[in-house]
Amino acid sequence: MLSSLAWGASVESMRIWRAPDSTRLVFDLSAPVEHSLFPLKNPDRLVIDLSGAEMSSAVSKLATDNTPVKQLRWAPRNGKDLRIVLDLNASVKPRSFLLKPNASYGHRLVLDLDDQQRSSVKTVEEVVAPGASRSADVIIAIDAGHGGEDPGAIGYRGLKEKEVVLKIARELAKLLEAEPGFKPVLVRTGDYYVGLRKRTQRAREANADLLVSIHADAFKDRKANGASVFAISQRGATSETARWLASSENSSDLIGGVGGVSLDDKDSVLAGVLLDLSMTASLSASLDAGSEVLKEVGQVNRLHKRRVEQAAFVVLKSPDIPSILVETGFITNPTDGKNLASDAHQKRLARSIFNGVKRYFTRTPPPGTYLAGHKRGNQQHHVIARGDTLSSIASRYRVSVASLRQHNKLDADLLRIGQVIQIP
């Protein structure tokens, strides 16, 4: 692969990040370079040629333990170019691309090495094997945003979003693990990057009932503050439905998780209807779950907006998994940033997200789960408050108005404050 870019650059430093199923190698450059790469066999090697480039004398050797890279070596080539050779432990599937400067780094050449070598990190696939029947637990996929080469927003005293959200995600996982009827799955368990589409893919592989993506906001105005909760926008949902229908890679995908509906034997009209129904149901559930989480987060943090917002975030675009994105505060705000750096505040935020998720699924447990059985064995009741109507109560508990009337032997729709009605 070649590209027409400026000539003349030096490799200033190198960094390496290990993920469970891939390794990312980053070369920090003084300027963009024209590059090419190709593999060699017997033994396995990967060669990267950089045109008009040199290796800075300040570059130190990389720690390549637990990666497919045995060692890295380099030398000048043709008097003006640089050749870098990766000696490999096994064959890999390489992918390279250039990144422009951002707030944290300058020009970079990124090399992703996909491999089958497994690290000691527990992955989604090891937690729930694809194709396995779902357990009786409600499965929550927890996505800590950014990671590895992508630090996310940087704010208070150099605080990195990727580090804060991973701590909150881990704390949330502990709370869910200790709660009967719930099973947490971390999309990323360490400091490495996971692609946006791959995050939703991992949630699907885990048969998740909800994806919770955790982030920290940033803005050029340091006065901006407060937490937010997002669900997918209608426009984002519509575009995702179109993408699924148009993409051949999705032709055999299932909607609805294990035991769901395959699209590969459906005509385009029926597939479109099924996807639209699935996306509509996921969006409704996302908004409901997001509202419960927002209420709880508002107990420990000022809210930026007092309702669930909607946007076309890629990580929210699963047509079969309700998904919410929690912005835990503005890391660029002095007060929010100081709070986000605090272990105690991180735990309070995790607890608030947990409380919201628990309340949502206790109220509307998926069929066949422990929570659904527990709900049947412990009949719910509702105490009438000001403004309640039979229709609003029926909508909240997802039952019919007729069943409410029949179950409580109500002859009329008149209710009184303090009255207790049973939920069928």
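The values are calculated or read from the model by the stated rules, or taken from the named source; none is laboratory data. Please read all numbers here as calculations on a predicted model, not as lab measurements. Cβ coordinates were reconstructed from backbone atoms using ideal geometry, including for glycine residues, and neighbour counts include every protein chain displayed. Side chains are part of the model used for accessible areas, which takes the heavy atoms of the whole protein and leaves out ligands, DNA and RNA. Shrake-Rupley method; radii C 1.70, N 1.55, O 1.52, S 1.80 Å.
For the reader, a short list of remarks on this structure follows.
- In terms of its alpha-carbon gyration tensor, the range 12-69 comes out oblate; a/c meets the 1.5 threshold, while b/c is at least as large as a/b.
- A cut-off of 5 Å between modelled amide H atoms, ignoring neighbours fewer than 5 places along the same chain, links Gly226 with Phe330.
- Per atom type, the range 301-417 shows carbon and sulfur on 50% of its accessible surface, probed at 1.4 Å.
- The residues of the range 1-87 present an accessible area of 50 Å² per residue when probed at 1.4 Å with all protein chains retained.
- Sites Ser284 and Arg15, calculated FRET efficiency, Cβ-Cβ separation with R0 56 Å, nearest 0.05: 0.85
- The mean sequence distance of close C-alpha pairs (under 8 Å, at least 6 residues apart), as a share of the length of the range 1-90, puts its relative contact order at 29 percent.
- Highest-first arrangement of 167-173, 365-371, 14-20, where packing means the average Cβ count within 10 Å: 167-173, 14-20, 365-371
- For the pair Ala402 and Lys220, the difference between a 0.36 nm per residue extended length and the Cα-Cα distance amounts to 60.2 nm.
- Carbon plus sulfur fraction of accessible area for the range 127-216, probe 1.4 Å, in percent: 52 percent
- Highest average packing first - 44-54, 402-412, 197-207, 141-151, Cβ atoms within 10 Å: 141-151, 197-207, 44-54, 402-412
- Shape call, the range 37-120: gyration tensor on alpha carbons, a/c limit 1.5: oblate
- Whether the range 132-200 is rounded, prolate or oblate, judged on the alpha carbon gyration tensor where a/c under 1.5 counts as rounded: oblate
- Rolling a 1.4 Å probe over the heavy atoms of the protein chains gives the range 315-424 an accessible area of 49 Å² per residue.
- Charge dipole of the range 1-114 (Cα centre as origin; +1 on each Lys and Arg Cβ, -1 on each Asp and Glu Cβ, all else neutral): 100 debye, rounded to the nearest 20.
- Taking 0.36 nm per residue of separation and subtracting the current Cα-Cα distance, fully stretching the chain between Asp411 and Ala178 would add 79.5 nm.
- The charge dipole of the range 281-379, taken about the Cα centre with unit charges on the Cβ atoms of Lys, Arg (+1) and Asp, Glu (-1), comes to about 340 debye, rounded to the nearest 20.
- Between the beta carbons of Val47 and Ser395, assuming R0 = 60 Å, the FRET efficiency works out to 0.45 to the nearest 0.05.
- Gain in span if fully extended, Ser30 to Val110, counting 0.36 nm per residue against the direct Cα distance: 27.4 nm
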